[in-house]
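Read-outs throughout are calculated quantities, based only on the coordinates presented, and are distinct from any laboratory measurement. Given the structure is predicted, the values throughout are model-derived calculations rather than measurements. All Cβ positions, glycine included, derive from the backbone under ideal geometry; neighbour counts span all protein chains shown.
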Amino acid sequence: MNDRLFRGLGTALITPFRGGEVDWAAYDNLIKRQIAAGADALIICGTTGEPATLTARERESLIRRAAELCQGRCAVVVGTGANDTSRAVELSRQAQAAGADALLLVTPYYNKTTQAGLIAHYTAVAESVDLPMILYNVPSRTGLNLLPETAAALCRHENICGVKEASGNLSQIAALARLRGENIALYSGNDDQTLPVLALGGQGVISVAGNVCPEQMREITSRWFAGDAAGSRERQLALLPLIDALFSEVNPIPVKAALSMLGLCEADVRLPLVPATKLCRARLNDAMRALELIP
């Protein structure tokens, strides 16, 4: 376990919009709801927060407000990844100045690099800040796979403390678990693989479903760490229909639709994303009713 990073549920928080602007009242309420539910961390400006469409001022304000509201009750982890190393360094320094507790950095995308380039990229960022960093591997979005050997080599740096694995490849995740050492935090980046990653020695999950049902998602991790493997498995399996519905269209389209159905924010997304289809909303409705999240 790495004590510089959270253990348990990290909710990849959405950025609520209303009329094209950040809905600050909804944002505050979403954070307070997560704190009340016992979330161990909030991930701000991660993929689910639509960072590609946020302005610099919006990013800074989102981070500062989260830090002010959390006040140490849960960790504030900020997504600062970019496909330009100097930009990733800039974003990471800004996040540190705004009150972040840790950073989450996706692998470079579009102008994707080699494994040697990944080592150079992440090392440059790690040496520019004093915060713990989590590497983020999601090849379905970036077209670039962070190999276990590369991640293990990077984690020798004192500021590179964890890996969010969203490759979906459990064999690769197992290889990373074998290579990583005890002090490197391993997080599931896929809600439906939370329990398998915990069984491989994972420290928690960075979760989209945590936006909708934080208490239930946290139960998967809390029951596991309490030694209740059967209870953790029961909760993981019960949530699978909702998790499937939340990824039936491009994230965060469905999760915003789900939160709007709960009355917590509007379903607004920024282009090029578009609102959820009727079929998606119907799947979400059925799954949330089955879990008694809505009447």
If I stretch the segment between T53 and R156 completely, what's the gain in nm (0.36 nm per residue apart, minus their alpha carbon distance), one decimal? 33.8 nm
Which value, in debye to the nearest 20, describes the size of the charge dipole of the chain about its Cα centre when Lys and Arg Cβ atoms bear +1, Asp and Glu Cβ atoms bear -1, and nothing else is charged? 180
Where a Cα-Cα gap under 20 Å defines reach, which aspartates and glutamates qualify for K112, not counting those fewer than 8 residues away within the same chain? D84, E90, E149, E165
Of the trypsin sites (Lys or Arg not before Pro) in the range 242-295, which ones lie in a loop per DSSP and count no more than 16 other C-beta atoms within 10 Å? R270
Taking θ = phi - 60°, what integer Hz values does the Karplus form 6.51 cos²θ - 1.76 cosθ + 1.60 yield along the range 152-168, in sequence order, with x for Gly and Pro? 4, 5, 5, 6, 6, 6, 4, 8, 9, 10, x, 9, 9, 9, 10, 6, x
How large is ³J(HN,Hα), in whole Hz, for each residue of the range 196-211 in order, when computed from phi with the Karplus curve 6.51 cos²θ - 1.76 cosθ + 1.60 and θ = phi - 60°, using x for Gly and Pro? x, 5, 4, 5, 8, x, x, 9, x, 9, 9, 10, 7, 4, x, 4
So what is the 222 nm mean residue ellipticity for the chain from helices alone, if each DSSP H run of at least 4 adds -39500 (n - 2.57) and you divide by all residues, rounding to the nearest 500 deg cm²/dmol? -14000 deg cm²/dmol
Go through the range 215-222 residue by residue and turn each phi into a ³J(HN,Hα) via Karplus (6.51, -1.76, 1.60, θ = phi - 60°); whole Hz please, and just put x for glycine and proline. 4, 5, 5, 5, 4, 4, 6, 5
Rounded Å value of the spacing that divides the Cα centres of the range 120-153 and the range 216-265: 26
Straight distance only, please: which lysines reach the Cα of K278 with their own Cα at less than 27 Å, same-chain residues fewer than 8 apart left out? K256
